[in-house]
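> Let me begin by handing over the structure; questions about it come next.
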Amino acid sequence: MKIKLAITIAAVAILASCSSREKEYVRFGGFAQGTTYSISYRDPEKRNLQPQVDSLLNDFDNSLSIYNKKSIISRMNDNDTSVAADGYLTECFSYAVEVYKATNGAFDITVGPLVRAWGFGLKNKDKISQQHIDSLLTLVGMEKVKLVAGKLQKSNRKIFVDVNAIAQGYSVDVVARYLESKGITDYLVEIGGETFGKGLNSRGKAWTIGIDKPYDGNVTPGEDLQAKVELPSGKALATSGNYRKFYVENGVKYSHTIDPKTGYPARNTLLCISVIAGNCAYADAYATAFMVMGVDKAKEFLAAHPEFEAYMVYSGKNGAFETFATPGFEKLILK
């Protein structure tokens, strides 16, 4: 009886503790960058930081959104010499150069003209021909652009810088830093599916992230999951895939991930890849680069770079899903 009573008291104490912890969490969501965001954090003061976060994301949009004609990056793409880079653009550009070099050009923010030509940008799809692709490839390559004293120097005025493949992840880092500045140490930031988490959730456990099954038509995040992952504290997870942003023309599927070297949408067996990295800008950019590389080259890169963990889903010989996880990622998958 004493043992049972002790167990009961302990269980009640744990439940009370969880309940108390749950009450300290603040949750809110909204819209930004053409997608949704959600934030959860532990704050005994119960501060609602949504107005500040919304303001932060608005400033971010005014810096890096190619869909905002008045943003700094849009004005630079329009060759407005009076505009100078702010801190967001400067740091994002620096990350992009780093990933470009590390991936031998598989990640390239000058791919903008090709993205637009294939109908995934600001205008309708061009009439595609090899001659047209070859002409656009002359505008692609990070060696053709430099950021010097806040000014974007381009070797050709038609070069168009598109940071969409890294900016969303980077925005997650920006919000996470803001929460840190407010003394918050238990939180999860999610923007458009890209995430960064630190500390524990309201149940006192690691933050859990779902990875969607990468089949055409799975358009509702979280509805049909491929895997659930425990996110290590202080790490980011971003996923890139070809099952949501694509179109089919004459029986051929064209995904939004453009190979900067060929000028065509990447075509390989890799359906999606989730990357865990020290920040979300890296996770986002490398996930895109791996989609361009394909399964084998991505595996080679990951083997040589243990600072990244990854989980990929790809199409096998018979069309069935096959998966690969780095050893570190495998340990994080909830069975």
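> Suppose all protein chains stay in the model; what accessible area per residue would a 1.4 Å probe give for the chain, in Å²?
49
> Beyond 23 Å between alpha-carbons counts as too far, so tell me which of Lys23/Lys205; Lys299/Lys331; Lys101/Lys144; Lys198/Lys299; Lys198/Lys228; Lys228/Lys261 fall in that bin.
Lys198/Lys299; Lys228/Lys261
> Over segment 71-163, with every protein chain in place, what whole percent of the accessible area is carbon and sulfur at 1.4 Å, could you tell me?
Ligands and nucleic acids excluded, carbon and sulfur reach 50 percent.
> Next question, about the same structure. Per DSSP H run of n ≥ 4, the term is -39500 (n - 2.57); total these for the chain, divide by its residue number, and report the mean residue ellipticity at 222 nm rounded to 500 deg cm²/dmol.
-11000 deg cm²/dmol
> Enumerate the calculated ³J(HN,Hα) couplings along segment 158-168 in order (Karplus 6.51 cos²θ - 1.76 cosθ + 1.60, θ = phi - 60°), each rounded to whole Hz, writing x wherever the residue is Gly or Pro.
Running phi through 6.51 cos²θ - 1.76 cosθ + 1.60 with θ = phi - 60° gives 7, 4, 10, 8, 10, 9, 4, 7, 9, 5, 5 Hz.
> Where Lys and Arg each count +1 and Asp and Glu each count -1, what net charge lies around Arg177 among other residues with Cβ under 14 Å from its Cβ?
Taking every other residue near Arg177 into account, the sum is -2.
> Rounded to whole Å and sorted largest first, what semi-axes of the equivalent ellipsoid does the C-alpha gyration tensor of the chain yield via the square root of 5 times each eigenvalue?
With the √(5λ) rule applied to the chain, the semi-axes are 38, 25, 16 Å.
> With charges only on Cβ, +1 for K and R and -1 for D and E, what is the dipole size of the chain about its Cα centre, in debye, rounded to 20?
It comes to approximately 300 debye.
> Something else: Once amide H atoms are built 1.01 Å from N in the peptide plane, which residues 5 or more positions from Asp186, or in another chain, come under 5 Å H to H?
Arg42
> Determine the sum of side-chain charges near Asn79: Lys and Arg each +1, Asp and Glu each -1, restricted to other residues whose C-beta is under 13 angstrom from that of Asn79.
It works out to a net charge of +3.
> Per-residue counts of other Cβ atoms within 10 Å, averaged by peptide: what ranking do you get for 110-117, 75-82, highest first?
110-117, 75-82
> Same structure again: Whole number please: convex hull volume per residue of the Cα set in segment 48-180, in Å³?
116
> Further question: Residue by residue through segment 257-265, what is 3J(HN,Hα) from phi via Karplus (6.51 cos²θ - 1.76 cosθ + 1.60, θ = phi - 60°)? Round to whole Hz and write x for glycine and proline.
Working through the residues one at a time gives 7, 9, 7, x, 8, 8, x, 10, x Hz.
The values are calculated or read from the model by the stated rules, or taken from the named source; none is laboratory data. None of the values given here were measured: they were computed from a predicted structure. As a convention, Cβ positions derive from the backbone with ideal geometry for all residues, glycine included, and neighbour counts pool all protein chains shown. Heads up: the accessible areas ignore ligands, DNA and RNA and are worked out on the full protein's heavy atoms, side chains in. Shrake-Rupley method; radii C 1.70, N 1.55, O 1.52, S 1.80 Å.
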